[in-house]
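Comments concern the structure below.
The values are calculated or read from the model by the stated rules, or taken from the named source; none is laboratory data. Nothing here was measured: the structure is a model prediction, and the numbers come from that model. Note that each Cβ is placed from the backbone with ideal geometry, even for glycine, and that neighbours are counted across all protein chains shown.
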Amino acid sequence: MEEYIIEMLNITKEFPGIMANDDITLRLKKGEIHALLGENGAGKSTLMSVLFGLYQTEKGEIRMNGKAVKINNPNDANAMGIGMVHQHFKLVEIFTVLENIILGVEPNKMGFLQKKKAGEKVLSLSKKYGLKVDPDAIIEKISVGMQQRVEILKMLYRENDILIFDEPTAVLTPHEIEELMEIMRGFAKEGKSILFITHKLNEIMAVADRCTVLCKGKCKGTVEIKNTTKEELSRMMVGRDVAFKVEKKESVPGEVILSVRNVTVASKTHSNNAVRNVSFDVRAGEIVCLAGIDGNGQTEFVSGLTGLERLSAGNITLCGKNITRQSIRSRSKAGLSHIPEDRHKHGLVLDYTLEENMVLQRYWEPEFQKSGFIKGPAIRKYSEMLIEQYDVRSGQGSVTVVRSMSGGNQQKAVIAREIDKEHKLLVAVQPTRGLDVGAIEYIHKQLIATRDAGKAVLLVSLELEEVMNVSDRILVMYEGEIAGEFDAKTTTVQELGLYMSGAKRNTAKEIQNG
Amino acid sequence: MDNNKIPSSKTKLKSLVNSKGFSAFTAALLAIFLGLIFGFIVMLAASPSNSVAGFGTVLTGGLKRIGDVFYFATPILMTGLAVGFAFKMGLFNIGASGQYTMGMFFAIYAGFMWKLPPGIHWIVCVIAGMTGGMLWGFIPGIFKALLNVNEVITSIMFNYIGMYLVDMLIQRNATMYISSKTRTQYLPASAQLPGLGIPHSSVNISFIIAICIAAILFIVLNKTTFGYELKATGYNKYAATYAGMNGKRNIILTMVIAGAMAGLGGAFNILAPSTISGSSMTYEPINVIAANGFNGIAVALLGNNSPIGIIFSALFISHIQRGGTLASLFGYKPEIIDVVIAVIIYFSAFAMLMNQGVVKFLKKRRNRNAEVNKIKQNLKGEA
């Protein structure tokens, strides 16, 4: 028996002009949990795509149980027992759990579906590994954690032995993360091999046996977790020391900027209200964070606050002015800046140039237009200034079509635009989503600088680390209500987790009384 | 940023080749080329012996009737603008025919019923025509903006409503209509557009006006805040809403402007002077939807919805139509000629599809390079 079940030896994948994978060797032992660590663009995805047969390498070979194999396409990978839980689940929302699990490998007799047989197999698997699911539940009705279990069961149903988890914890609560870790350990004991892609060091320290670190397409080495530390891993990953704590001064809250009272927003997907009776204040010079697991009404609340959706009840006051029924433009004029959750859908016109996007909120101001005619040179000058000041990198500067820019720089452009615009309140919704460590650090600094300039900041975030590091005050949202309010200095991740998952909950009255 | 700073003729050429306009242009040429080949095949099948000479006439015949080419280009140039302009905002204005018919009706109504001094009369008629088109664009616009009714459905309905309404109103009006000849009377000379003095053709001042309007639309689209909002909405309506643009107002305004274009097309067509003195263009109310409206769709697609592109595509289609008409001298039945023209226009309308194809083909390599640049930038960002 070979010690290694999969060996990727000296993998080199070159795209014209750039080495995406430069001589990377990754050896996966049978029955181990092997973490793959690296920033965005470090080559993790390329490496996994090679393993899945999506790319062919220039150099290097893949061995399975010591024998060289050729993986030409994902079907080959599946046939070899390689399965993957993608970061964004590949589930049919309106199908049941069982139907999703058997999708593509449906057991049938003369074309008739043998659901019962499949159901038994799924139940026995679910019992064996402690993956609690209801086979008849509809996917869109179950929690994200449950959906992930369905994805895992899909791999087990197909009898895969090599399981790849792509950033599996991003969408989970602390408690669910604990459970997932336990499940992963169970798999490893069973003799299954796990590749665990992540950039969260705590999780690696908790669960992995070994870790391979990639940096800029190169392999920085494979380390035994028991012989290493978090700091050493981060140095290997980034190539420098990273401040885990964001440096910031004590906040000095001033007058109330935003005041939200009894806000209720109807849901688009079900008959209940997505946001129920939410009230809170945000003061000048503080960062208030709206924390919670995805889908607990944060998106709908922000839509109501920024004017994208109508409120079904409640009042919003910005700087003493009632903006409940105001248009988006007049809210913007009243001092509201909004870094939207989805920069591609809302934040940018991707087919416009960078300079056209830089004035998306301000093109109508006298500075940039005169009696309806756009002042090209003024826009160019303004755009160049923002690019310089916020270090937005692009191929051709102001005239770059935004679609061709990298995600991090697109986000920088949105942030530059919203922060530079005259504002009293900055609403930042998941501003670091999908960005690498360097960009995240930068954005956190910008948020704090905005706070220190005396603005009010409302941050909506799903990342607990971000919530704890950046905010001054934390409001946890659960099922459309504020479940609790916390001081960021005194609370713990565990406590927040209890409120985020609905295990604990304060009534509105308790919150108001502090 | 710095890797693109070295200016050289090579990079200049590259940026020209890479520009959106260029790929649209090559796609249009490719579409035309394919259209011509298939047109030739149809002629070959219909009458092999005459096909070469006949096809030569289709290609070059228009040059002998350059005045007519301009004259017939004018209405489709205007309906092309009506379709293309709305398309920039993501609206498919299939109702150019109805707007065109309404514009024509308003123009001849002003021509027959109002007595005005020469020099002013035709201007009033043109403005009346524009108003008629605006009205017929405004209604689908209102439906779309306030009730979110798909503009395709309303504007198709309004093609029929407009056509039947106009036919009915004309047939009832004894001043305009001669029932024995089933056509309208000759328009008073004061209502007819001033000609450009090219013999044996009806080409008139409207051709020049149409080109000026296309230029104005180009400026509106590219130099004004309205154009900025309009294109932003067309590219990404969510971002437009997020930026606080007034989507409802812009939808209505865009449809009104589009309607005005088509209405002007109708007015320009009917108010043109005739080559025979004492007569004029006439309209036959025979319950047929104006073909010029639909041809506008082909014109807009071939011209990539750009006002400048539309000028050239209107001229091309008009040129082919003139040539086709002359090819009947070689014994081709008018129906065959119509088929040939239709085939050419049909393929030309594929320009947009091919545009995507050409872009994809050209971009395949470029995308890889772009991806590489992206990674490079990231690496730089980290370093």
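Points worth noting:
- With respect to (1) touching a helix residue (DSSP H, G or I) at 6+ places or on another chain (Cβ under 9 Å); (2) surrounded by 17 or more Cβ atoms within 10 Å (Cβ to Cβ), the lone exception for A:SER267 is condition (2).
- Residue that is surrounded by fewer than 19 Cβ atoms within 10 Å (Cβ to Cβ) and assigned by TED's automatic domain parsing to the domain that holds A:TRP364, where the choices are A:GLU309, A:GLU231, A:GLU300: A:GLU309
Results for (1) under 21 Å from B:ASN246 (Cβ atoms); (2) buried (at least 20 other Cβ atoms within 10 Å of the Cβ); (3) within 11 Å of another protein chain (Cβ to nearest Cβ); (4) modelled with pLDDT under 90, shown as yes or no for each residue.
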site	(1), (2), (3), (4)
A:ARG329	yes, no, yes, no
A:ALA334	yes, no, no, no
A:ASN357	yes, yes, yes, no
A:PRO377	no, no, no, no
A:GLU388	no, no, yes, no
A:SER406	no, yes, yes, yes
A:VAL414	no, yes, yes, no
A:ARG417	yes, yes, yes, no
A:LYS424	no, no, no, no
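- Where A:GLY397 falls short, out of the listed (1) at positive phi; (2) touching a Phe, Trp or Tyr at 6+ places or on another chain (Cβ under 6 Å): (2)
- Counted residues, segment A:359-375 - those being at the interface with chain B (Cβ under 7 Å from one of its Cβ atoms) and on the phi < 0 side of the Ramachandran plot: 7
- When the criteria are applied in full, A:GLY43 fails the requirement of being within 14 Å of chain B (Cβ to nearest Cβ) and touching a Cys at 6+ places or on another chain (Cβ under 7 Å).
- Matching residues, segment B:111-151, being closer than 18 Å to B:GLY247 by Cα and touching a residue at least 60 places away in the same chain (Cβ under 8 Å): B:GLY137, B:PHE138, B:PRO140, B:GLY141, B:ILE142, B:LYS144, B:ALA145, B:LEU146, B:GLU151
- Scanning segment A:377-384 turns up one or more residues that are over 20 Å from B:ALA232 (Cα atoms), among the charged types (D, E, K, R) and in a helix (DSSP H, G or I).
- Every residue from segment A:342-355 that is more than 9 Å from chain B (Cβ to nearest Cβ) and surrounded by fewer than 24 Cβ atoms within 10 Å (Cβ to Cβ): A:ARG343, A:THR353, A:GLU355
- Residue ID - modelled with the lowest pLDDT, chosen from residues in segment A:244-264 that are in a loop (DSSP other than H, G, I, E, B) and more than 21 Å from A:ALA453 (Cβ to Cβ): A:PHE244
Every residue, every condition in (1) more than 14 Å from A:ILE162 (Cα to Cα); (2) of a type in the set (Val, Ile, Thr); (3) within 14 Å of chain B (Cβ to nearest Cβ), yes or no:
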position: A:TYR4; (1), (2), (3): no, no, no
position: A:GLU7; (1), (2), (3): no, no, no
position: A:THR12; (1), (2), (3): yes, yes, no
position: A:ASN21; (1), (2), (3): yes, no, yes
position: A:GLY31; (1), (2), (3): no, no, no
position: A:THR57; (1), (2), (3): yes, yes, no
position: A:VAL69; (1), (2), (3): yes, yes, no
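- Whichever residue in segment A:302-329 is of a type in the set (Lys, Arg) and in a loop (DSSP other than H, G, I, E, B) and, among such residues, is farthest from B:ALA240 (Cα to Cα): A:ARG325
- Test: B:ASN305 is in a loop (DSSP other than H, G, I, E, B) and within 14 Å of another protein chain (Cβ to nearest Cβ): yes
- Matching residues in segment B:271-294 - criterion: being surrounded by fewer than 23 Cβ atoms within 10 Å (Cβ to Cβ), in a helix (DSSP H, G or I) and of a type outside the set (A, V, I, L, M): B:PHE294
- Residue satisfying all of: in segment B:222-255; among the aliphatic types (A, V, I, L, M) and closer than 21 Å to B:GLY309 by Cα; nearest to the other protein chains (Cβ to nearest Cβ) among these: B:ALA232
- Number of positions in segment A:280-327 that are under 26 Å from A:GLU495 (Cβ atoms) and either away from chain B (no Cβ under 14 Å) or more than 24 Å from the chain's Cα centre (by Cα) (or both): 20
- Filter pass, B:ILE219 being assigned to a helix (DSSP H, G or I), more than 9 Å from chain A (Cβ to nearest Cβ) and hydrophobic (A, V, I, L, M, F, W, C): no
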